[in-house]
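Reading through the structure tokens given below for one structure.
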Amino acid sequence: MELAWYALLGLFFATYLVLGGYDYGVGLLLARRPAPPDDGRAADASSRAVLNAVGPFFLGNEVWLVAAVGILFGAFPILEGELLSGFYPVVLGALAGVVLVTAGVQLRSRPHAQAARAGWDRVVVAGSALAALGWGALLGGLLQGVPRTASGHVTGVGHVLTPFVAAAGLAVLALVAVQGATFLTLRLPAADAPAVGRLARRLIPVALAAVGTAAVLGLLSDRVRAAVARPAVAVLLLVALVAALLVARAALGRGRAGVAFAATSAALALPVALVGAALWPRVLVSTVDPAASLTVADAAASGPTLSLLGWLALPLVPALLGFQAMCWWVFRGRTDGRAPVYW
């Protein structure tokens, strides 16, 4: 039962990273504003076109984060407490980024904000960067281990201020940027898709370099090597991530935007699978007292609670999947009404 809920938690958070990833990736790309004329209309039109591409999916993608947090609170209350206390700087940073992106996108469209739209665009860029860095740092911190003492609490926040955690945050930031650019190749008008496709291809080597840097720092870190219980699985999933990025780059070169987007989506989901599989059966590895490490079974709620939550989840999961499928079907194609080349 605990394994099923742990897998469901990972699935929901990975889905949020994939779907929210192109929201934040598109937000990051607002930083590439064209050189505008004096009235700034060209830059504003470019930003509107980019945001219109992601608009129909924007708020719906956050539902997966809410669902993941609900599972964390209900099925893993001990883990929830330790994550919020031990990783509060990066969690607060990520949530602040989510709020900034939502507020910036909503407020820039108001008529009275027309003169301040460039400022709201910068808010969206900053929020997108904070969200990506925060979630990446959280995954890196989990893989590195935490100073959990015999009392059952994580002490201090110095464990989130290490080179590996910073590299993990930057790696997720780079993956999110690639995801956003690849998504735009599916959604922007056909005349604009080749340019953003070339941008996505240029971003993939950056993402590969960021992932490689995080991997090297992980290999050099005593904490990471001690925390990883299944190094072979971790290496296999890391290779799969690199392969997904290479497939995406090749697909973009051939104009296969659908294949590229599927590959970049896999690349964003794989870090979650890597952390969960590499640490299993532990979920929080103590770097000061191995006996204080928290296992998935210890972090889970009681059996009756999990059974009750299971009955609640039975209608929830199909409803979320159905909503996402309906949203993609209704708003499929490009913003100019033309169908993209998927395969």
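The values are calculated or read from the model by the stated rules, or taken from the named source; none is laboratory data. In this text, all values refer to a predicted model and were calculated from it rather than measured experimentally. Glycine also receives a Cβ, built like all others from the backbone with ideal geometry; neighbour counts cover every protein chain displayed. The accessibility values were calculated without ligands, DNA or RNA, using every heavy atom of the protein model including side chains. Shrake-Rupley method; radii C 1.70, N 1.55, O 1.52, S 1.80 Å.
Summary of computed values
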| read-out | value |
| --- | --- |
| Per-pair calculated FRET efficiency, R0 = 45 Å: Ala250 and Glu62 via Cβ, rounded to 0.05 | 0.90 |
| Hull volume in cubic angstrom per residue (convex hull over the Cα atoms of segment 100-219) | 137 |
| Angstrom value of the Kirkwood radius, inverse mean 1/r, which spans all Cα pairs in the chain | 20.7 |
| Most fluctuating residue given options Ala267, Ala227, Ala31, as computed from a GNM of the chain linking Cα atoms under 10 Å | Ala31 |
| Rough spin-label spacing in nm, given labels placed 7 Å along Cα→Cβ, for Arg202 and Ala4 | 5.0 |
| Candidates Tyr24, Tyr16, Tyr88, ranked by Gaussian network fluctuation over the chain, Cα under 10 Å, top entry | Tyr88 |
| Spin-label model distance (nm) - Leu84 vs Thr102, 7 Å beyond Cα toward Cβ | 1.7 |
| Amide proton proximity set for Leu284, modelled H, under 5 Å, gap of 5+ | Leu294 |
| Farthest positive-ward along segment 50-209 dipole, Cα basis, beta-carbon charges - from Gly127, Pro189, Val63 | Pro189 |
| Theoretical FRET efficiency, 1/(1+(r/R0)^6), r = Cβ-Cβ of Val69 and Ser151, R0 30 Å, to 0.05 | 0.70 |
| Rounded FRET efficiency, nearest 0.05, which uses the C-beta distance separating Ala118 from Ala319 and R0 of 35 Å | 0.35 |
| Over segment 137-190: Kirkwood hydrodynamic radius from C-alpha pairwise inverse distances, Å | 13.3 |
| Gaussian network model of the chain, springs between alpha carbon atoms under 10 Å - residue of Val211, Val285, Val69 with greatest fluctuation | Val69 |
| Over segment 191-317, relative contact order from alpha-carbon pairs under 8 Å, at least 6 apart, % | 22 |
| Accessible area per residue in Å² at 1.4 Å probe, computed on the chain | 44 |
| Accessible carbon and sulfur surface of the chain relative to its total accessible area, %, 1.4 Å | 71 |
| Kyte-Doolittle mean at least -0.5, axial Cα span of 15 Å or more - DSSP H helices of the chain | 2-29, 41-54, 63-75, 88-108, 117-144, 163-187, 193-220, 231-253, 257-279, 303-330 |
| Within segment 159-225: Cβ-based charge dipole about Cα centre, in debye rounded to nearest 20 (Lys, Arg +1; Asp, Glu -1) | 100 |
| Unit charges on C-beta of K, R, D, E only; dipole of the chain, Debye | 1120 |
| Inter-probe distance in nm under a simple model that places probes 7 Å from Cα toward Cβ, at Val288 and Asn52 | 5.6 |
| Dipole-positive endmost among Ala260, Val233, Ser221 within segment 211-322 (Cβ charges, Cα centre) | Ala260 |
